[in-house]
Structures are given as structure tokens and as C-alpha cells.
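Presented below is the structure to which this report refers.
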Amino acid sequence: MSINTFIRWENVMDILTHYGENNSFMETFKHTANNEKVNLCMQNKFIRSCLEKWLDDPKFNDSLKNATKSKEIRLAANEEFKMNRLELCCKLYTKAAQFAPYKSIESILAFSNRSAIYLRLNKYQECLKDIEASLNILENSEINEQDVHKGQLIVKLLKRKIECLMALKQFKIAKTNWENILEVSKNVYKIPLEDQFIKKYKVLSDCDKNNSNNVDIVKNADETLTEDLIKERLNTNKINLPFRSPKMELCYSEVKGRHFVASTKIEYGELLIFENPFASVLLPEYYNSFCYHCYVPLKYYSIPCNNCCTILFCGDKCLQEARNSYHRWECKQGTSIFKCIGIAHLALRLTLETSKANSNNDQIYNLLTHIDDLKSLELFQYSLTATLLLIYLQKKTDFFEKHPNLVLDSVGNELLHHMTRLVCNGNAISSHMLSDYDSGSRTSIIDESRPRIGTAIFPTSSLLNHSCNPNIFSSNILKYVVIKASRDISKGEEITNCYGPNFRRMRLADRQASLKNQYHFDCKCCICLDPQTDDIFFKTLEGLVCLSCHNEIPATLLDLDVNDTVYCGLCYVRFRTLDYKRGLLKADKTYNKGMIQLEASNFLYAVQVISESLRLYTLVLNPKNSNIAKCEDSIAKCYALAGYFENCYMYLDRSFKKIEDRFGENSLEVAYELDKMSDIMVNNLDIRNDRNLIHKALKHVRRSMEIFDANLSAWDIPYSESGIANIKHKENVLLQFLEGRF
């Protein structure tokens, strides 16, 4: 393997698949028992050699600490600081800390410099954490005075610490630190304090004489969503996990296997399941945005791993828990390797967890693998990946030294079965980000997706069978899964989840093919057994109009791919599907040109171009078609970014019914849309003297809150503190408008 050329994992798989198919190995593999397949791959010299060479690729050293790179990034941050780009500065100093070797001078400087940015941003608690981190290294490590003047830096950090404590009104602690800095600066490092600093904080010397300054004022901290807060609320409510509603009865049948039914009527919005994952992994693209362990969003403060530069944690507690539980086997090159192998990372994490041999393992082993339903080629590729992970544990970690009771073959078999288990039982972890409407944002005004940030396995939730029209809604609070009833569920009715293919997003044939391919069953849910309902729904979403009279016709976009003509029953005329395709192509091209103008910040010109694409779409598509809503969404965004909020609201209002029809009246998509519309009305339109508009905005606010609560809430755990606060603020403002208090 060339040192300078990195071979992607997919290409390595192709090479080994070609090898297996072109000699007798694949035949031997087919006739080998499933629990021996990984061992077979391990014993093959060519396969093992290829996998070992790939694991040894220097590319994976990119996740190791690098003092030179840390310094380069820190110096770049210093330049950004000169231009007062504080937010970017903060991110760069964090990146510098990630690359800095543990307890090194670069680590000190990264944290120290970041603390200065936090102080500028009035992030006093974060500033104090970085000061403590820097002081801890400075006071407990041998520092080369050529790299940094230790005494000067300590005094500077202590001065900054007093500023933070005073800003937080922590007078007693500030007084102690004031006495410390006087001692340190005068008698230890012989560094005189500036007169201005002494004059400003000399009041601390007289703190005992002034009772008002002798008591620390502790402000009630904002209720920030953390794993500790979740555990505290669970404890307060006397909830043991996994929580399962007593209204859910676990049943078994030959056809459905294990499944849940309602033992009594379940109301819309009732909490059914609240569960922490047996194992989970954060997706690589979110390593710098969320805590690697608890998945809390990293808005400002974060700390890196001590030994690799790829991941971040929200604090030392999560770092230590991750290290003790699993990260010690994943660290250094591992974090780069696992970026390449997708869901196999979770299979490794599962294996690390089940290797602890506790009583909870049965809930994982009882989940179906469908290993016997896989095609030989699929199973061969899963076996190759399991073999890769086994070699990784054997050669790149001390896992087997720490677990002398574990047998290599058994761990390989475990890896393979967990991988096939995850194909059918893995669940997405999504993040709900309800944020204030930002007219400077380029994000879509109508956000129809929830960003998937991780993958997990939830044993209880995995027992829910699939329906293309489910009666539950699944969401996440950090890495916990929250399952709520999305409508009333009758006694005796099965409680069902959606595995991905939903009738509101995918046609019947596509859903059936997708489920058969991944989950190995033919869906027989109510909506799949009623093709007419499915057809009617998509005629609304993908319907066409007559090219002559412009009335709706029965044909849809699907017909353009399977028929040569479509028929209008009012005009008694057949039209070539080619003419429709040309019209759609012209509309698509025009729309894309408009979006380019939007990205270039030519907002009003973008409105003109996208409006033309809207006109072109209406020549061939019915008014409820999703392409029409797409154009109206984009025009609303353009007007918002240009500051024309009345026009923005008009287009949002125009597209609202289409979104409601497509996703359902109690869907999160509807709630997000109502939230955006009320944001525009409260923050950007002068509605104080129009009681009808105030009542309309209030209706939007309350309905969005009802939907969010019904879909996302669990006890008194905040699911999006900033989003909830924004909605409640809007309600208060509107009530004040009604009372005449502006």
C-alpha cells in the first residue's frame, strides 16, 4: 500500500470482494457456519494482510496530537482576535486545544487565550473553567521558561479570574483570590500589579467591613439541558429507566413476533417510552458540535480528549466516563478509522458493552439479526468489516490483555452478529433545534427534517413493529429516546413505529421495496393494504394539470415515467408526457438559477427568478404539488433575508395548508412552520393595533407549543430550552399587546 495514497474503505472492500469472488474462497465462505465466518477471514493471509496494511495507513495519524498544528491554529486565532472576530476566535482556540498535546505549553496557551475570548463575550463561567485548566497545568507541570513566562501568565490568569468573579458577584471568592494574587505577584514572581488594577479591585481588601460585599450573590443559573439535569428530573419523578407506559402490553405471535398493543385507550400526546441507549455513537460530522458522550450541543465551552484531536466533550465528567467505558479502546488512530466504516463503529461499541457480561445483555441478544436472510455477498462484506474491527482490537489496543477471558473467535463472531443486528434495530438520534427566527440566517424557513446526529440501539423501542402510518412519534432529548402517542390509540390496537418508509414521503412500491431490502418483510400495515388511499394522497402531492384548460387531471409525476401520454377528461385531449417533462425541466432550471441568486445574496432578483419558476410549475402541476410549496418557501426566505417581512409572511401563510396536508396537522413540520410565522408576526410586523392579527399570532404560538409538547416532552425535562423560552416570550408579548401594554 502506497504511503502517500490513502485507499478508501469502500475500495478495500471492492478489492477483497473481487478476490473472494474470483477464487474458491467465496464458495468456502458460503458453506462455513455463521459463527466461523470471521475466523475464516482472519485465517486467510491475503485478507488479513490487506486489512492490517489499511489499518497501518499514515492517514489515520491525522487524529493524533500535533503541537506544530496546534500552534499554527492558535496564531491564526490571534490574527482573528485583532479583527475582533470573537466567535471565530473561540472556535479556533478550541481547535488549537484539540491538537495540543496533553498538559503541554500549547494546551496552556490555547485554554488561556480562549479564556480571554470568553471574558470578552461575557461568558464568565466558561472563562473560569479555562483559567482553572490553564492554572492547573502551569502549577503542576514543568514549563520551559523560553516558551512562556510562567509567572507572568499565572498573574494574568489570576487577574482575569478576579474580573470574572466580580462580574458574577462572587465577592468572598474574589477576596480570597485578591489576597492570593497580592501574595503571588509580590513575593513569588516579583511582578508588580498595575496601579489601575489595584485601584479597581482594592475594594476587596475592605470586603469584611462591608456586609453587603461580604455575601456572595448566587444568581439562579439558567436551566440548561444536560444529562445531569435529566437524571435529576428522573429521580425527582421516581422514574427508573427504561420507562414503559403501563398501558403498553408486550405480546407475541408467529406472524408479528414480539410487539406492543394498547391494554387500554391511549390519548394523543401520552408518553409511552423513555429510554437511554444500550450503546450509541455520534456521527463524525458532528464531532465538533456535540459532546461525544452525552450529545449535549457544544454552544461555547468544550474540552478535547487527552490523547486524540478528533472529538470534544462538554466537560471533564463526560470525558472520564467515556474514557472508562469505551473511548480508551477507540482513542488515537481509532477515531480516524471509525469515520470510514459507518455503522460498524456502533457494532464495536456494542461489543465493548456486551463484553462486560452483565444481565442486560440478553435484551440485545434477543433482537433479530436476519443473518440467515442476507445474501452471501452482503454477509461476506459484513464479515470483512468485523474482521477489520477484530484486528484493530488485537493490534491497536490492549483490549485482549485487559480481557484475558475473552476468546478472539468469540469476539469476532460477536462483532459480526452485532453488525447484522444493527441493520434492523439501529435507531437514529436526532436533534431538535428550536431557535429564534434569524433574518440573517441562510437556513430554510420551512425545515422538513430533523438533523440526525447519531445512531443508537434502544432495546425496548426496538420491539415496536413498523407501520407506514405509525401511531407514535419518536424523538430524542440528548441521546435518550422519547416515544409519544401521535394520535389516540384504541384498546387492543398495536402500537407501531415507522422504520423510515412513511406513506407521507414515499410511494407504496418504493416503501415495500425498501422494507424488503433492509428488514426482510412485506409490509401489511393498513395504509399498504389500501393502495387507493395511497394513490389519492400522491395525486394531491404530485398531481398534474391539463396543458389546455389547466384543470386538475388524474395523472401524476409518476405517470410521466411510465406512459407516453396523459389524458384530460374535460378537454377529451391526450397530451404527450414529453411536453410535461420539458415544462418541468424549464421550471427546474429556472428554480435552480433563483437559488444561485439567493446564495449570492441577490435576494430581490432571486424573488423574480423563483417567482418565474413558480409560474412555470403552475402550468403543469396542481396547486397542492410539493414543488409549488418549495417555491413559496424559497420566495418567503428571500423576502425575509431582504427585510420585506410582510411579503415573507404572505408566502408562508400561502404555503401553510400544503405543509399541513402533506405532513399532518399534528406534525413537527406544522409546528416549525407556525413557530416561524409567529416569529415574523411578533418580531418583524407591527401588529400592536390589529387585534385580529394579534389573536391569529397567539393562536399560532399556542398551537405550535401544543404540538411540540405533545410530540417532544417528557415529564418536566426541557427538550429545547431556548426554543421553549422563545415561544413563551412571544405569548407574553402578544398578551401585553392585547392589554394595551406595548
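A few points about this structure:
- Matching residues in region 565-610 - criterion: being among the hydroxyl-bearing types (Ser, Thr, Tyr), in a helix (DSSP H, G or I) and either more than 21 Å from residue 647 (Cα to Cα) or open to solvent by less than 40 Å² (accessible area, probe 1.4 Å) (or both): 577, 580, 590, 591
- Within region 230-240, considering residues that are free of Cβ contacts under 8 Å to residues at least 60 places away in the same chain and under 19 Å from residue 479 (Cα atoms), the one surrounded by the fewest Cβ atoms within 10 Å (Cβ to Cβ): 240
- For region 639-673, a residue qualifies if it is touching a Phe, Trp or Tyr at 6+ places or on another chain (Cβ under 6 Å), surrounded by fewer than 23 Cβ atoms within 10 Å (Cβ to Cβ) and more than 28 Å from residue 472 (Cα to Cα), and the qualifying residues are 641, 642, 647.
- All positions within region 391-408 that are within 23 Å of residue 54 (Cα to Cα), assigned to a loop (DSSP other than H, G, I, E, B) and free of Cβ contacts under 8 Å to residues at least 60 places away in the same chain: 398
- Tabulated pairs, region 480-507, first surrounded by fewer than 16 Cβ atoms within 10 Å (Cβ to Cβ), second part of a strand (DSSP E or B), C-beta under 8 angstrom, 6+ apart or interchain: 488/266; 490/262; 491/262; 492/261; 492/262; 493/261; 493/262
- Of everything in region 468-479 that is assigned to a loop (DSSP other than H, G, I, E, B) and open to solvent by less than 10 Å² (accessible area, probe 1.4 Å), the residue that is farthest from residue 708 (Cα to Cα) is 468.
- Residue that is least open to solvent (accessible area, probe 1.4 Å), among those in region 528-559 that are assigned to a loop (DSSP other than H, G, I, E, B) and farther than 20 Å from residue 573 by Cα: 528
- All told, residue 106 meets the bar of being surrounded by 15 or more Cβ atoms within 10 Å (Cβ to Cβ), farther than 20 Å from residue 334 by Cα and without any contact (Cβ under 8 Å) to a residue 40 or more places away in the chain.
- Selection status of residue 64, open to solvent by less than 90 Å² (accessible area, probe 1.4 Å), more than 20 Å from residue 97 (Cα to Cα) and aliphatic (A, V, I, L, M): no
- For region 612-643, filtered to residues that are in contact (Cβ under 8 Å) with a residue 60 or more places away in the chain and basic (Lys, Arg), the residue that is farthest from residue 504 (Cα to Cα) is 637.
- Residue 142 passes every criterion in (1) within 26 Å of residue 107 (Cβ to Cβ); (2) within 32 Å of the chain's Cα centre (by Cα); (3) at pLDDT below 85 apart from (2).
- Among the candidates 524, 539, 484, the residue that is basic (Lys, Arg) and at pLDDT 95 or above is uniquely 484.
- Meets criteria (among the aromatic types (Phe, Trp, Tyr) and under 25 Å from the mean Cα position of the chain (by Cα)) for residue 644: no
- Filtered residues of region 14-62 (kept if of a type in the set (A, V, I, L, M, F, W, C) and not in a helix (DSSP H, G or I)): 33
- Cross-chain or 6+ apart pairs with Cβ under 9 Å, region 20-31 first and surrounded by 12 or more Cβ atoms within 10 Å (Cβ to Cβ), then of a type in the set (D, E, K, R): 29/37
Yes/no matrix, rows are residues, columns are (1) open to solvent by 10 Å² or more (accessible area, probe 1.4 Å); (2) among the aliphatic types (A, V, I, L, M); (3) over 30 Å from residue 517 (Cα atoms):
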position	(1), (2), (3)
288	yes, no, yes
302	no, no, yes
311	no, yes, yes
370	yes, no, no
373	yes, no, no
377	yes, yes, no
382	yes, no, no
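- When region 622-637 is filtered for residues that are modelled with pLDDT of 90 or more and either in a helix (DSSP H, G or I) or closer than 14 Å to residue 609 by Cα (or both), the ones remaining, listed by number, are 627, 628, 629, 630, 631, 632, 633, 634, 635, 636, 637.
- Residues that are aliphatic (A, V, I, L, M) and touching a residue at least 60 places away in the same chain (Cβ under 8 Å) occur in region 120-139; there is at least one.
- Scanning region 1-14 for residues that are among the β-branched types (Val, Ile, Thr) and either open to solvent by 90 Å² or more (accessible area, probe 1.4 Å) or farther than 14 Å from residue 388 by Cα (or both) gives 3, 5, 7.
The values are calculated or read from the model by the stated rules, or taken from the named source; none is laboratory data. Bear in mind the structure is a predicted one, so any value in this text is a computation, not a measurement. Counting neighbours? That spans all protein chains shown, and the Cβs are built from the backbone with ideal geometry, glycine included. Each accessible area value is taken on the protein alone, full model and side chains, heavy atoms only, with ligands, DNA and RNA left out. Shrake-Rupley method; radii C 1.70, N 1.55, O 1.52, S 1.80 Å.
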